[in-house]
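Below is one structure, written out as structure tokens; comments come after it.
The values are calculated or read from the model by the stated rules, or taken from the named source; none is laboratory data. Please read these numbers as outputs of a predicted model, since none were measured by experiment. Quick reminder, even Gly has a Cβ in these numbers, built from the backbone with ideal geometry, and neighbours come from all protein chains shown. Surface accessibility is based on the protein's heavy atoms, side chains included, excluding ligands, DNA and RNA. Shrake-Rupley method; radii C 1.70, N 1.55, O 1.52, S 1.80 Å.
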Amino acid sequence: QKEVEQDPGPLSVPEGAIVSLNCTYSNSAFQYFMWYRQYSRKGPELLMYTYSSGNKEDGRFTAQVDKSSKYISLFIRDSQPSDSATYLCAMRESGYALNFGKGTSLLVTP
Amino acid sequence: SAVISQKPSRDICQRGTSLTIQCQVDSQVTMMFWYRQQPGQSLTLIATANQGSEATYESGFVIDKFPISRPNLTFSTLTVSNMSPEDSSIYLCSVEGGAGRDTQYFGPGTRLTVL
């Protein structure tokens, strides 16, 4: 079992929809949780960063961490075609090594 | 966040040769990292590069295959040695960042194809 599981999709939604992206993990020592967005042929761009459990909101994006269920989510409100990308979850313990999911491919259609 | 550049952006190489990838940051950082992103796979950490010390390699990666240099606080190189087609991948450098240096910012990546 991989430490971080993420459904690769693809996920296709109409413009304006609410998107829910999720990851599960097995290592209870993970403390830091991140979401990255990666456009085709580009490097990952940090979207959201959360320490421990709870919610964090930034504009149209909301990150949730439920450590008791080992489950994290990223919600995108009012999705736009420019949100079409691959979304990567990443997490780590107290050290520096990030553990990534394989990424979910999102397509937002006009 | 830091601005990170990588050279080359892409390359096509022959089996048995070596390629050195450069990573430049616009500010001084203590920690730099090298990752590999193989098709259909998760990003995987190759090694951590601190200025003034030997790089620390993750399980499955060795210095003879992936030698790393870190001559100063804004620059690092990763060499992929004696390449085989299995080394075809995207190689990414990242740097520590955020208010508490708790997260990482990534460069644009180097897309390597080995024939």
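Kirkwood hydrodynamic radius for region B:48-112: how many Å is it when counted over pairs of different Cα atoms?
Numbers: mean 1/r = 0.0757 Å⁻¹.
Answer for region B:48-112: a Kirkwood hydrodynamic radius of 13.2 Å.
Longer than 22 Å from Cα to Cα, which of A:LYS2/A:LYS67; A:LYS2/B:LYS65; A:LYS42/A:LYS67; A:LYS42/B:LYS65; A:LYS102/B:LYS7; A:LYS70/A:LYS102 are they? Say none if no pair is.
Working: A:LYS2/A:LYS67 17 Å; A:LYS2/B:LYS65 25 Å; A:LYS42/A:LYS67 30 Å; A:LYS42/B:LYS65 25 Å; A:LYS102/B:LYS7 25 Å; A:LYS70/A:LYS102 17 Å.
Long pairs (Cα-Cα over 22 Å): A:LYS2/B:LYS65; A:LYS42/A:LYS67; A:LYS42/B:LYS65; A:LYS102/B:LYS7.
Using only protein heavy atoms and a 1.4 Å probe, how much accessible area in total is buried between A and B, to the nearest 100 Å²? The partial results should precede the final answer.
Details: alone 6070 and 6190 Å², together 10600 Å².
That pair of chains buries around 1700 Å² in total.
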### Summary
With the dipole of the protein assembly as shown defined by +1 on each Lys or Arg Cβ and -1 on each Asp or Glu Cβ, the option from A:SER68, B:SER69, B:SER59 whose Cα lies farthest towards the positive pole is B:SER69
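Partner chain Cβ atoms within 10 Å, averaged over the residues of A:38-49 - can you pull that number for me?
On the way: counts 6, 0, 0, 6, 4, 14, 11, 3, 8, 0, 1, 7.
Average per residue, whole number: 5.
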### Task
First compute the accessible area of the protein assembly as shown with a 1.4 Å probe, then give the percent of it belonging to carbon and sulfur atoms.
48 percent
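Below 8 Å, C-alpha to C-alpha, sequence gap of six or more: please give me the relative contact order for region A:51-110 in percent. Don't jump to the answer; show the numbers that get you there.
Working: 83 pairs, mean separation 14.9, N = 60.
Normalised by residue count, the contact order of region A:51-110 is 25 percent.
Kindly report the accessible area of the protein assembly as shown per residue (heavy atoms of protein chains, probe 1.4 Å, no ligands, DNA or RNA), in Å².
Working: 10600 Å² over 225 residues.
That works out to 47 Å² for each residue.
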